[in-house]
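Participant: Sharing a structure below in structure tokens format, with a few things to ask.
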Amino acid sequence: MKKLFSLLFLVICFSVKSQNYNYGKISKEDFSTPIDSEDDAVILYKNRKTNFDYNASDGWVVVTKIHQRIKINSKSGLGWGTHSRLLLKSGENEEEEMVDIKGATYNLTGGKIEKTKLKNNGIFEEDLNKYRNKVSLTMPNVKEGSVIEYQYTIRSPFWNIKRVDLQYDIPIKKAEVKINIPEYFIYNRFQKGYHPLELTQTTSNRKIQYVWRETTGVIATERRESELDFKETRYLILANNIPSMKNEKYVNNINNYRTSFLFELAQYRRPNSIFKNYSLTWDDVVNTIYRSDYFGAELKKTGYYKDDIDAIISANSSLDNRVYNIYNFVKSKVKWNGYYGKHVDQGVRKAYKEQTGNVAEINLMLTSMLKYAGLNANPVLISTRSNGIPLFPTLNGYNYVVAGVEGENGVILLDATDKFSSPDILPFRALNWEGRLVREDGSSSLINLYPEQASKSTISMMVKLNANGDIEGSYRKVVTNHDAMLYRENYVNMNKDQYLEDLENSFTDLVVSDFQVKNDKDLSKPVMESYSFNLENQLDNLGGQIFITPLFFLAEKENPFKLEQREYPIDFGYPSEKKYRINISLPEGYDVESMPESVAFTLPENIGSFKYIISRNGSTIQVLVDFAINQPIISAEYYSTIKDLFKQIIDKENEQIILKKM
Amino acid sequence: MNYKNIVGVFLVFTTFNVLSQNNSLAVTEIPEELKKSANAVIRSYDVTVDLSSVNKMIVNTKRIITVLNKEGNKSIRAYERYDNNSKIRDIRAIVYDRFGKEIKKIKKNDFKDVSDVDVQTLYSDSRVKYLDYTPIAYPYTVEYISETVNGTTGYLPRYLPINSYFLSVEKSSYTLNYASNLNIRVQEKNTENIGLIREESSGIINYKTNSINAIKPESHSSPLENIIPKILFASNEFYYEGVPAKAENWNELGDWIYQRLLKDVNDLPTSTIAHVKKLVQNESDDIAKARKIYQYVQDKTRYISVQVGIGGWKPFNASDVDRLGYGDCKGLTNYTMALLEAVGVKANYALVHSGSSQQSFDENFAIMQGNHVILNIPLENDENIWLECTSQKSPFGFIGSFTDNRNVLVVSPEGGEIKRTKKYNIGENRQTISGECNIDSNGNIKIDATVLSEGIQYDDKYYLESLEERDLEKHYKERWSYINNISISKMEIINDKEQIKFKEIISFSASNYLNIVEDKMLLNLNVLNRNTYIPDRYRNRKLPLVIRRGFKDFDEVKISIPKGYKVESIPNDKIIETKFGNYKMSLKINGETTLIYKREFTLNDGEFPKEDYSDFRAFYRNVSKSDSAKLILVKK
């Protein structure tokens, strides 16, 4: 026994000596950089505790206490010396507050630890707008090598448990998170990211003085108070040495991959009563959204548009025709104010009258009108790219809605918030995996948001090469689907002189004439751009041998994929196909000495393909290039395949023809 | 008629105007000429400034603007700032459709009210109310009306008929009514070709203009601020956040700044004074002392942005910065100044417009301005050292393109003085590359190169030192983006802050660099510093050509060709000489397998008439062409 005791004591002693994570207990160990010294800073310790406090005047309040200790490794890491936090406001009386703030900076000078406290003048509170406040802590005396530590508490009258982030641009050495939830609340819990975390769940008892009002007469109520015994679920998350995660290009949203925990309110009941349901499964989520006054109820309103819609749908018009007409009607009538949302803000009726609205107002209005016109139309909930991928059934998982029309050939998706969007061609912001079509009866189904049809660009060029190296010719480009949408967005919104100037400058020294664009406003047809051009100096004459690049200014020059490795999927957004048809007529008296070889290759699993076919007929050379990416999103394991494909394409497109004088 | 009556009549008149003449707002009424290159057209813009006393200014603004397309929304600018010393009495807007028919009224409460901060700033005590309107269709017209009252009269609103690119003006006016005891100074700039009408009588200055065409941005030109017509106003007597002031020239304004904003904030704890004195005790000359103090500040502090205290102009106390270890540009500069004072080195606070466009203070018109502060150490023989105190990484005395070559206001106990900051001359902005390029028989290359950068070219690159390996690798692949398939094996950086020289030592290989056609390989000779930039072409260049900073590049690369190959068709040496710069390229053959490629490229700084722009482009085109010179390697 004695032996065991001393052994235990020894162990404790040892662990205390190695590091003490209590607030203010900074030791020299904190200054020796623990994980990867390449990092600008390291979170030595992160502690968070979330509890539910109860008092008679405010009711339940979510109280979150944060404690962090950070080591600054380099001058680039000095930014971590300032910590900002956004706090929510309801717009009326309720708002979150940050209290019990304390902090200090520790510097090791001449083997001694020096402490500088954070004072009130280092705490800045800012009223950002109607819904947000910001509090910033600027730690004093932060230098390369400092250790900073701060602690504060956020009291939130809103029952949202803030996301538990456990992965940043810098590594975390040790993290401890405790979340205690009374039995009156049921939260759904989700984990994201790849780093393994240790989670334990226990139950314990708690007691509070509970105050409520009881109905005693027709209107009269009376204050009652009693002791309340209840159970609490306690979550404990422990994690060590969580590596940093930094952003990379062509990733739709890095937060999809960071390690974090989410808690979302699913149900609540008052003590001694039954649960009010929020969301638990996808069906619950869908039901909750649908039953909300700001969603389902808005779908049912028809009076405000009845006359206008009656006027545009004649009794014998086809259903397809009605979809087309109503969709265009909404697009021209109501403009998007730039706000996302699955819920209406001012309501459909007001949006209709004011002719501007958020996403929900516009697309729920559209859905309702389509329904009214006899179509099987329902809202489709979407999580935008910026909102991340909805992996779990949560209310916040969706932040956007479009209309879906179910017909014989599946579902057609419509988004009237974008002038250049067309059926099944959703704006880029909404192209994010799957949406959920919600029916009035409560059923729902998943809808793939990525388009199946490829966006096609076909460029035809007739080129006349002169002996002095100048070329002249005609160019014609036909673009469909998403590429057409992007083209229109750029072209229509731009000053036309500027567009032309930019076009000429994008191919250095191209001189454009007879410029024409067709169907830039008729979305039912592909956009067509055509012009005549002149371009100087398109050959290299080396000792009587003439080299030309048969793709001229169309040849791809630079590989967009620069990194050797990649950890995240490559997100193209939609499948695409690019075709070039080039006819080159050679100057008189010249013959072809050599031409590149024709090639064709296909990537595994039909990811993509490339074809380059070159042929000669007398004094004419024809080049056909066909490049397709068949999938909107490609997993990281194919990164080197894709990178290599681009490399080969660039090499091939820059190969040259040698001509010689006859 | 007294001045109140004028306002009364004026108001009645405008109201009447709006009711009866809505049709005149129709888009069809805009002259064709004004729609050219315009995203928006100001139909009328009237500003009335009433400076009824030294500490009260009322500004009435009425602006009617037609927005032609989405880009034009930026030009509406329907917002007002406010803070403890100013308030918005009236702010509202009316929206009209293309026919001039009213479609919406926006009241004061419907304007958004937010804190006036950018992302960088932690705190600011000023706020802004702005119009957040979603257009239903283009074109449309917004009539914006506001009235503000301000206790600070340190800046009088400027008269800027146009304030952005792609914006034209039908008509506009500016009226300043001022109390008789005030002395007003006025300065007109770029007003030659706008048909400006000026009327002045006792206590009233009035300006009117008609028909100003839109300006389109052009590369290699002056910043917009220097191109647009503008009229500046200043009152010699003014109030600044409740503090009275008087200044009619830079000396007096500088004196006011010193007395009111700087004099009482240079306090330091005795322990710090003792510490820095000890730090420099072995240094005899001022520059060496300043060097040590600058290093001390760089190691001790960090930059944060906080906008408080006399309109954001008063620095934190030096003792606060000393204790907290952070500050904004004013705080850090003042702190450094106080430390230098403690060790007997005289230094002065200097207000500046920061940014690479080199915006200057006007020597002849003293007015509060600038958005940044740096430190000036005057040396004998009229030379100066300039210190950027917000950077933890800049070398001593190095200000780079952020504050170089422009007039700034230097403030000292003797008052204010306009001085010019350091200009980085062509000869100082050098980049020297020496390298070796080995070619194998499959057309692959192996490169070993050293790149040495100085002056502004140092400024362009020294951030690379703080990049992580992954990002640095990406940077090099982008720098040599005309070489595909690069694989880097060595990246070493030596940042000599003492000499202000930045050295990069890089090795990489690239497959298929040479184009192989049957038994020939095509070699593009300029491997390491190929100019691919050609300035944009303008069908009708309107603005003068400005080259802000010159530079000089030297390259020498030893190229080794694979065994079994010989060189064919060697390009001629090239020399280009223009007033914009010079270019020299030569190739020497050393034995059977070695070529020495040499290149020199100089760009001169200066201002040239717009007619020279096409020659300037031609210069770049010729350089580009020469940089793509090729030779053929043939199998023996």
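Where a number appears in this text, it was derived from the coordinates with a stated rule and is not lab data. Just so it is clear, the model here is predicted, and its values are computed rather than measured. When we count neighbours, we look across all protein chains shown, and the Cβ atoms used for this are built from the backbone with ideal geometry, even at glycine.
Participant: Per residue Cα convex hull volume for the stretch B:63-174, in cubic angstrom?
Facilitator: Per residue, the Cα convex hull of the stretch B:63-174 comes to 132 Å³.
Participant: Please identify every one of the chymotrypsin sites (Phe, Trp or Tyr not before Pro) in the stretch B:451-543 that sits in a loop by DSSP and has no more than 10 other beta carbons within 10 Å of its own beta carbon.
Facilitator: Passing sites in the stretch B:451-543 are B:TYR533.
Participant: Taking a quarter of the surface of the convex hull around the Cα atoms of the stretch A:464-525, what do you get in nm²?
Facilitator: 5.0 nm²
Participant: Can you sort A:LEU137, B:LEU464 from fewest to most other Cβ atoms within 10 Å of each residue's own Cβ?
Facilitator: Going from sparsest to densest Cβ surroundings: B:LEU464, A:LEU137.
Participant: Starting from the stretch A:46-130, pick out the GluC sites (Glu not before Pro) whose DSSP state is loop and whose Cβ has at most 12 other Cβ atoms within 10 Å.
Facilitator: Passing both the DSSP loop test and the Cβ count: A:GLU92, A:GLU94.
Participant: Report, as an integer, the average count of C-beta atoms from other chains found within 10 Å of each Cβ along A:300-312.
Facilitator: Working: counts 0, 0, 0, 0, 0, 0, 0, 0, 0, 0, 0, 0, 0.
Mean partner shielding for this stretch: 0.
Participant: Quick one: Cα convex hull volume of the stretch A:455-661, Å³ per residue?
Facilitator: Residue-normalised Cα hull volume stands at 136 Å³.
Participant: Dipole magnitude of the stretch A:282-448 about its Cα centre, charges +1 at Lys/Arg Cβ and -1 at Asp/Glu Cβ only, in debye to the nearest 20?
Facilitator: My answer is approximately 440 debye.
Participant: Let me confirm one metric for peptide A:139-147, namely the mean number of other chain beta-carbon atoms within 10 Å of its residues' beta-carbons.
Facilitator: Values: counts 4, 6, 8, 7, 7, 4, 1, 2, 0.
Shielding by partners across A:139-147 averages 4.
Participant: State log₁₀ I(q)/I(0) for chain B at q = 0.08 Å⁻¹ as given by the Debye formula over alpha-carbon point scatterers of equal weight, solvent excluded.
Facilitator: With no solvent term, the Cα-only Debye profile gives -0.78.
Participant: Any chance you could give the angle, 0 to 90 degrees and rounded to 10, that helix A:481-492 forms with the longest Cα principal axis of chain A?
Facilitator: 90 degrees
Participant: Which GluC sites (Glu not before Pro) from the stretch B:409-498 combine a DSSP loop assignment with at most 12 other Cβ atoms within 10 Å? Walk me through the intermediate numbers first.
Facilitator: Values: sites: B:GLU414, B:GLU417, B:GLU428, B:GLU436, B:GLU454, B:GLU465, B:GLU468, B:GLU469, B:GLU473, B:GLU478, B:GLU492, B:GLU498; in loops: B:GLU414, B:GLU468, B:GLU498.
Answer by residue number: B:GLU414, B:GLU498.
Participant: Expressed as an acute angle from 0 to 90° and rounded to the nearest 10, what is the orientation of the C-alpha long axis of helix B:286-300 relative to the principal long axis of chain B?
Facilitator: Around 80 degrees separate the two axes.
Participant: A further question follows. Which whole-number percent is the relative contact order of chain A (Cα, under 8 Å, 6+ apart)? The partial results should precede the final answer.
Facilitator: Values: 1416 pairs, mean separation 53.9, N = 662.
It comes to 8 percent, rounded to a whole number.
Participant: Out of all DSSP beta bridges with both ends in the stretch B:426-635, state the antiparallel percent to the nearest 5.
Facilitator: 90 percent
Participant: OK, next. Need one word for the stretch A:29-277: rounded, prolate or oblate. Basis is the Cα gyration tensor (sqrt eigenvalues a ≥ b ≥ c); a/c below 1.5 gives rounded, then a/b vs b/c decides. Kindly include the intermediate steps, with their values, before the conclusion.
Facilitator: Values: a/c = 2.15, a/b = 1.77, b/c = 1.21.
Prolate, since a/c reaches 1.5 and a/b exceeds b/c.
Participant: Per 10 Å bin, what is the whole-percent P(r) computed from every C-alpha pair distance within the protein assembly as shown?
Facilitator: Final binned percentages: 1, 7, 12, 17, 20, 20, 14, 6, 2, 0, 0, 0.
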